[in-house]
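*Asks:* Pasting a structure here, questions to come.
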2 protein chains.
Amino acid sequence: MSEHIVSAFDRELEGVQAQVMKMGGLVEKALLDAAEALELRDEALAEKVRAGDRAIDGLEEIIQTECARIIAQRAPAASDLRTVLTVMRLASALERAGDYAKNLAKRSLVLMQAAPVGTASGTIRRMARLVVQQLSDALDAYIARDAVKAREVRLRDEEIDQMYGGLFRQLLTHMLEDPRTITASMHLHFIAKNIERVGDHATSIAEQVIYLVEGEMPSDDRPKHDAVTARS
Amino acid sequence: MSEHIVSAFDRELEGVQAQVMKMGGLVEKALLDAAEALELRDEALAEKVRAGDRAIDGLEEIIQTECARIIAQRAPAASDLRTVLTVMRLASALERAGDYAKNLAKRSLVLMQAAPVGTASGTIRRMARLVVQQLSDALDAYIARDAVKAREVRLRDEEIDQMYGGLFRQLLTHMLEDPRTITASMHLHFIAKNIERVGDHATSIAEQVIYLVEGEMPSDDRPKHDAVTARS
């Protein structure tokens with residue numbers, strides 16, 4: 001803060017933004033832990049992620065209620081209102097990302113009962129690391145109102161889509177060669193798809209940042225991330 | 001309205017609720033059309049659903065902005081604030097359900113290039129009809145603040161989960177018997193999973209209604225809808 005006069009609205013907004021960052025930290029940890037549990041077949045870690053989703057959901061509830069209170073009490077002007085609505089959207093995107101981490105943990109528990117499918121779980125862990133980086137960069141871009149960084153996040157989503165495509169082809173090969181891997185492969189495919197969706201949420205956060213800074217949504221200058229082709 | 005004095009807040013809430021019902025209607029139509037396009041291999045209908053998602057997204061944007069304006073302008077008391085936050089959650093749930101319909105339409109366009117996999121697309125259309133009924137009942141329960149009806153929706157979600165489980169086994173059999181069906185089966189599996197997720201959103205709307213009417217979330221007296229077992 002370079003200004004000496006900070007309004008009550010600014011202070012409250014900072015408070016709720018700090019909660020969003022905390023929520024982001026929990027979600028990133030959950031995704032990394034879930035992917036590690038999958039690769040290392042660590043049941044205790046998977047259970048920890050599964051149980052930890054409650055804390056993430058609780059934080060979302062707190063953020064939404066606090067945002068509503070700020071709107072009601074401070075009646076912010078148009079651009080400030082837009083910021084609070086963005087915070088609400090960020091919290092909602094993070095809550096969904098947390099759900100995907102929980103789901104990944106649950107499926108990893110099921111997959112521990114089956115034989116590994118090639119090196120798929122290693123690829124998934126690398127995908128998870130990339131997605132966590134994207135989420136983290138998108139949230140940093142929000143705090144810094146940095147549209148350049150947000151644009152980078154948006155363009156990098158393509159990498160995750162490509163990793164997903166590669167994994168899908170890898171799974172298909174396993175299934176064709178050994179039908180006994182079909183059930184496990186389908187779980188792995190769902191996991192990969194869900195990680196790709198977390199990437200889409202990171203992109204959507206980045207787009208909100210661009211909207212906040214520049215007043216309009218970025219034009220479609222990158223490959224569509226929701227395209228459905230024969231590979232997905 | 002049995003009262004003669006209707007506050008500005010009540011009037012505005014009614015207005016925004018009407019928008020939510022309109023949005024619900026569009027989402028229900030999109031889901032039914034997408035499932036019909038899949039079964040009848042109707043490319044034009046699938047394209048229509050795909051293009052129609054913009055209108056649903058636009059309506060969500062309008063509802064969220066209007067809710068924020070109502071909160072800012074009317075500074076509603078706790079219970080009224082809870083209602084407006086519920087409306088925002090309903091709009092967000094419907095927006096996601098709309099996304100699933102668009103995704104179904106896109107995948108149906110891909111599936112039109114492949115041979116049909118048994119009777120799967122017929123099963124999916126029946127699932128879609130059931131889910132649309134659930135969505136419609138959940139929204140009716142909201143408007144009527146009818147916790148009994150909301151509870152029925154919540155319990156009926158089990159049926160959709162069972163249909164999904166049955167379809168998954170059916171697809172698995174096809175894949176094992178004829179590996180050439182694997183790619184198409186995976187698309188059909190994603191479609192079924194997404195319809196099941198729309199069902200989860202209907203359940204979540206029903207739970208919001210129960211919370212709104214009774215002040216607390218229903219206890220977990222039904223099988224968990226997010227359980228991951230070997231079948232999913």
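The values are calculated or read from the model by the stated rules, or taken from the named source; none is laboratory data. Just so we're clear, the structure is a prediction, and the values are computed from it rather than from any experiment. Please note: Cβ atoms are built from the backbone with ideal geometry, for glycine as well, and neighbour counts cover all protein chains shown.
*Asks:* Which one is farthest from A:Tyr164 (Cα to Cα) among residues in segment A:128-154 that are among the small types (Gly, Ala, Ser) and in a helix (DSSP H, G or I)?
*Replies:* Step one: of segment A:128-154, the residues among the small types (Gly, Ala, Ser) are A:128, A:136, A:138, A:141, A:144, A:147, A:150.
Applying the additional criterion that residues be in a helix (DSSP H, G or I) yields A:128, A:136, A:138, A:141, A:147, A:150.
Working: A:Ala128: 11, A:Ser136: 20, A:Ala138: 20, A:Ala141: 25, A:Ala147: 26, A:Ala150: 22 Å.
By that ranking, first place goes to A:Ala147.
*Asks:* A:Gln73 is checked against (1) modelled with pLDDT of 90 or more; (2) surrounded by fewer than 16 Cβ atoms within 10 Å (Cβ to Cβ); (3) over 26 Å from B:Glu95 (Cα atoms) and fails just one. What number does that condition carry?
*Replies:* (1)
*Asks:* Something else now. If we scan segment A:112-127, do we find a residue that is assigned to a helix (DSSP H, G or I), hydroxyl-bearing (Ser, Thr, Tyr) and within 14 Å of chain B (Cβ to nearest Cβ)?
*Replies:* Initial filter on segment A:112-127 (assigned to a helix (DSSP H, G or I)): A:120-127.
If we keep only those that are hydroxyl-bearing (Ser, Thr, Tyr) too, we end up with A:121, A:123.
Checking the rest, the ones that are also within 14 Å of chain B (Cβ to nearest Cβ) come to none.
Within segment A:112-127, none of the residues are assigned to a helix (DSSP H, G or I), hydroxyl-bearing (Ser, Thr, Tyr) and within 14 Å of chain B (Cβ to nearest Cβ).
*Asks:* For segment A:43-88, name all the residues that are out of contact with any Phe, Trp or Tyr (no Cβ under 7 Å at 6 or more places or on another chain) and of a type in the set (Lys, Arg).
*Replies:* A:Lys48, A:Arg50, A:Arg54, A:Arg69, A:Arg82
*Asks:* Hey, can you tell me all the residues within segment A:156-193 that are more than 20 Å from A:Ala34 (Cα to Cα) and among the polar types (S, T, N, Q)?
*Replies:* Matches in segment A:156-193: A:Gln162, A:Gln170, A:Thr173, A:Thr181.
*Asks:* In addition: Counting just the residues of segment B:130-180 that are surrounded by 15 or more Cβ atoms within 10 Å (Cβ to Cβ) and among the basic types (Lys, Arg), which one comes out nearest to the other protein chains (Cβ to nearest Cβ)?
*Replies:* Among residues in segment B:130-180 that are surrounded by 15 or more Cβ atoms within 10 Å (Cβ to Cβ) and among the basic types (Lys, Arg), the one nearest to the other protein chains (Cβ to nearest Cβ) is B:Arg154.
*Asks:* Using beta carbons and a limit of 8 Å, which pairs, at least six apart or on different chains, have the first residue in segment A:147-171 and among the aliphatic types (A, V, I, L, M) and the second one outside any helix (DSSP H, G or I)?
*Replies:* These pairs meet every condition: A:Leu155/A:Arg222; A:Leu171/A:Val117.
*Asks:* So which of A:Leu176, A:Leu139, A:Leu167, A:Leu155 is out of contact with any Asp or Glu (no Cβ under 7 Å at 6 or more places or on another chain) and modelled with pLDDT under 90? Please lay out each step first, then the result.
*Replies:* Working: A:Leu139 fails: modelled with pLDDT under 90; A:Leu167 fails: modelled with pLDDT under 90; A:Leu155 fails: modelled with pLDDT under 90.
Step by step, each of A:Leu176, A:Leu139, A:Leu167, A:Leu155 is checked, and only A:Leu176 is out of contact with any Asp or Glu (no Cβ under 7 Å at 6 or more places or on another chain) and modelled with pLDDT under 90.
*Asks:* Are there any helices (runs of 4 or more DSSP H) wholly within segment A:1-111 with 1 or more residues that are within 10 Å of chain B (Cβ to nearest Cβ) and in contact (Cβ under 8 Å) with a residue 40 or more places away in the chain, and if so which?
*Replies:* A:43-74, A:78-111
*Asks:* Continuing with the same structure: Which ones in segment A:181-192 are more than 10 Å from chain B (Cβ to nearest Cβ) and surrounded by fewer than 22 Cβ atoms within 10 Å (Cβ to Cβ)?
*Replies:* A:Thr181
*Asks:* Would you confirm whether or not segment B:133-142 contains a residue that is without any contact (Cβ under 8 Å) to a residue 60 or more places away in the chain, more than 21 Å from B:Ala30 (Cβ to Cβ) and either touching a His at 6+ places or on another chain (Cβ under 6 Å) or not hydrophobic (A, V, I, L, M, F, W, C) (or both)? Can you show your working first?
*Replies:* If we filter segment B:133-142 for residues that are without any contact (Cβ under 8 Å) to a residue 60 or more places away in the chain, which is where we start, we get B:133, B:140.
From what is left, the residues that are more than 21 Å from B:Ala30 (Cβ to Cβ) are none.
The answer is no; no qualifying residue exists.
*Asks:* Residues A:Thr183, A:Thr203: which one is farther than 30 Å from A:Ala18 by Cα and either polar (S, T, N, Q) or at pLDDT 95 or above (or both)? Step through it out loud before you land on a result.
*Replies:* Details: A:Thr203 fails: farther than 30 Å from A:Ala18 by Cα.
A:Thr183 is the lone residue from the list that is farther than 30 Å from A:Ala18 by Cα and either polar (S, T, N, Q) or at pLDDT 95 or above (or both).
*Asks:* Same structure again: Is it the case that segment A:29-49 has a residue that's more than 12 Å from A:Val87 (Cβ to Cβ) and in contact with a Gly (Cβ under 7 Å, 6 or more places away or on another chain)?
*Replies:* Yes - at least one qualifying residue is present in segment A:29-49.
*Asks:* For A:Ile195, all conditions in the list (1) out of contact with any helix residue (DSSP H, G or I) (no Cβ under 7 Å at 6 or more places or on another chain); (2) surrounded by 18 or more Cβ atoms within 10 Å (Cβ to Cβ) hold save one; what is the number of the exception?
*Replies:* (1)
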